[in-house]
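Take a look at the structure set out below.
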Amino acid sequence: MPTATVARPEERSELHALRTRVFVEEQGVPPEVERDEADETAVHVLSRDDGGAVVATGRLVVRGAVASIGRMAADPSVRGRGHGAAVLAELHRQAVLRGVTEVELHAQLPARRFYERAGYVAVGEVYEEAGIAHITMRRGLP
């Protein structure tokens, strides 16, 4: 079963490299949109494969009792193998440790069921973000 941990500062370049491969190279997101000022203060989480490579990542941006989860990325070679779920579970754990009671994210439509399985509910209508169809999803935390 894959595990995930909070990224140390020296691991940030590895998670940014994964995000660049997934979002910029695979999905065509402009590089200037992929990184933003929230990266500096966000809690970044990552999962590694058996060889030690970073294969999944995500970030948590806390705003009081509500937080947003974003930049969830998994290498195509490990999709459906639990790395993304491990990252999401660790992001939830980190949110609870910080007093967060609700999390929100902008899910790409193909990932909607992944988030629904993790307890998220879609709110609102489908919209475009970085040229990709998304839907806002939320869930409470214990």
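Read the figures in this text as sums done on the coordinates, not as results from a lab. Since we're looking at a predicted model, the values are computed, not measured.
Worth a mention:
- For segment 50-128, the mean projected area of the C-alpha convex hull, equal to one quarter of the hull surface, is 5.9 nm².
- Area projected by the alpha carbon convex hull of segment 1-109, averaged over all directions, nm²: 6.8
- Computed over the chain, the per-residue total of -39500 (n - 2.57) for DSSP H runs of n ≥ 4 gives a 222 nm mean residue ellipticity of -6500 deg cm²/dmol, rounded to 500.
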